[in-house]
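Since every read-out is calculated from the coordinates, none of them should be taken as a lab result. Just so you know, these numbers come straight off a predicted model, no measurement behind them. Note that we place each Cβ from the backbone using ideal geometry, even for glycine, and neighbour counts take in every protein chain shown.
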Amino acid sequence: MNTFDPALLVNLLGFAVGISLYALLAVMVVRHRKTSGPSNANFLLLTTAFLGLLWNIGELFVFVGRDFGFVTPFPFITAASYAALGFLPSVVVHSAEEDTPKTHWVTITAYCLSTVAALLHFATIFSGGGVPSELALEILTFGSLTMAAALLILNFRQTLQKKTVWATALLIFAASAFHLSGGGEGNSWLIELIAHQSSLPLALVILYQNYRFAFADLFLKRSISLILLTLVAAALYVWVAAPLLRYHETHDRNDAQAIGLILALWIGTALAYPALHGLAVWLVDKIILHRVDYSAFQVAFARRLESLESVDEALNTLRDELAAVLTAGRAEWFKRPAASEPDGTAASKDWEHFDIPTVETPYFRFRLGEFQGGRRLLSEEIQTVEAVTLLTARRIDSLRVVEERFHREFREQEFARLAAEARLTALRAQINPHFLFNSLTTIGYLIETAPDKAFTTLLQLTKLLRGILSSTSEFSTLGDEMKLIESYLEIERSRFEERLAVKIDVPRDLEKVRIPSLILQPLVENAMKHGISENRNGGEVRITASAEKNADGSFVKLTVFDTGSGRIDKGSSGSGLGLANIRERLESYYDGKAEFRLTSDPTRGTRAEISLPVANTVKHEERRPVQK
């Protein structure tokens, strides 16, 4: 090149970049064909890559041959490259048919027009005319305009964004075909770029429609990186290398300096590529796709999951967060059917389905639909969804382990409680016969000495046993307990007559306080046995109740006092229960918060005191059922 021609330079760079991009597209489709989507989409993309390569390689060959002064005009290569270019708008219409099947006839019409245009290009060779055929380009121009209008009319259900994409690409191609039909020589480099590189917008539309993986993560980012790199290289050549080389030709003939300059510019261009690629990634994520920072989103989502305490909360959070981030109009989760059951939730083009990979059943499935602008999920977005669904699955597994541990501990506590209650019930059942035997002994004595009193005492015993046996609760009110004790003392008074004095002082406002059933009965029996019966002169039994308060709360103090000799039953009376049974029951009911004190003085008598916390007297009896 003796003179600098910007239009020629732009065309050469454009065709070189086009070859690289279409080759990249072909490689990606082949390498990722299993994850790229439907087989029809792969076919369209491979067709696009082939047509784009044929157009760019053919035109580059022609331009290079023209520049180097080749005599042969390469008419067949030119006809083949223009024929390939003419089929690209048909592929765009074909890709639009995936969303609107009613446009099938538009697709057939488009391929027919492209075929006619290709035949006209080759026909001009045999008729002696110039290639490309102006008539073919005019057919493509008006055909593209017609197809754009048809898509806009027939795809009325599609979003405005999709319509704009289709129409813009086809209008660019129509303008390009119109320009090429006029020869296009001597135009500015910008017009040349638009005219000869109109295939790239068509390819991007096809990618946008059918190939989410390549469009977002590979093709779009890498293609922008390559274009930026080409622009930097061209700018260095136009504004740095070319002026310096011209200066070198006129002032200095040292070729080593020129070679060093070219190498320095190459190295500078290579060093600029990481920054250019970062700029391309930023442009795609922030400007074109308006993405959020998915890495930061995953971190924030993981932190929020840690604060959730139920499986439903985790699934609802997954649904709401992803729907907001990915601009989905609909999002829902549901239980995934078992392998043996029919699955009526198979994936469709209207939904994006994702399984939540929990370790154990029930398994769940999550799906998104109605994305803003009618778009589809891109590769990085799919990876983000898979990452957060995995985080959700691990949280669900953790919650299930905690819940299972809670239920196991609850069952163990229930078993322990039931065992304790059964044991206490057995102990209580053993107290009743012990008291019964003492009462029957008294009645037997009265039958011999006073039959009338024996009958009255028997009625008192019947009343007493009916009161005891009618209550199955571990607790009773202090008032009911005192009625049983009074009946018992009436029986004992029949035996001891004037030798037994009884004093009972229980305030009426304490009669509703709940205490363990028969907790006072062994103390009264102990007082009768060791304080009254073993004293020739008898004695006095006093039963009192009082309310107390201290730093630990409110208490009721029950006291049984007798004026006997001071002998204490250590737990071996009759049934072998006695005082040890009282201590064991209080420990089981009140966890060490109740107190039992027993003091004895041979000259003054014996005092037994029980102090019960009022707030905890219904620990076992009024247990609430666990909410599941």
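Taking a 18 Å limit on the Cα-Cα distance, which of the listed pairs K512/K593; K483/K503; K549/K593; K453/K483 fall beyond it?
K512/K593; K453/K483
For L523, L236, which order do you get if you count the other beta carbons within 10 Å of each Cβ and list the fewest first?
L236, L523
Neighbour counts of other C-beta atoms within 10 Å: give me V513, V502 arranged from fewest to most.
Final ranking by Cβ density, sparse to dense: V502, V513.
Need the full-extension length gain, N550 to A23, defined as separation in residues times 0.36 nm minus the C-alpha distance. One decimal, nm. Let's see the in-between values first.
Numbers: separation 527, 0.36 × 527 = 189.72 nm, distance 8.90 nm.
Extending this stretch completely gives an extra 180.8 nm.
Can you give the FRET efficiency for A234 and D312, using 1/(1 + (r/R0)^6), R0 = 56 Å, r = Cβ-Cβ distance, to the nearest 0.05? Show your work: numbers first, answer last.
Values: r = 58 Å, r/R0 = 1.04.
For A234 and D312, the calculated efficiency is 0.45.
Please arrange H290, H104 by counting, for each residue, the other beta carbons lying within 10 Å of its beta carbon, fewest first.
Sorted ascending by nearby Cβ count, the order is H290, H104.
Rank by packing, highest mean first: peptides 439-448, 474-483, with packing defined as the count of other Cβ atoms within 10 Å averaged across residues.
Descending mean neighbour count gives 474-483, 439-448.
At 0.36 nm per residue, and after removing the present C-alpha to C-alpha distance, how many nm does the segment from L244 to R405 gain when stretched out fully? Kindly include the intermediate steps, with their values, before the conclusion.
Details: separation 161, 0.36 × 161 = 57.96 nm, distance 7.88 nm.
Length gained between L244 and R405: 50.1 nm.
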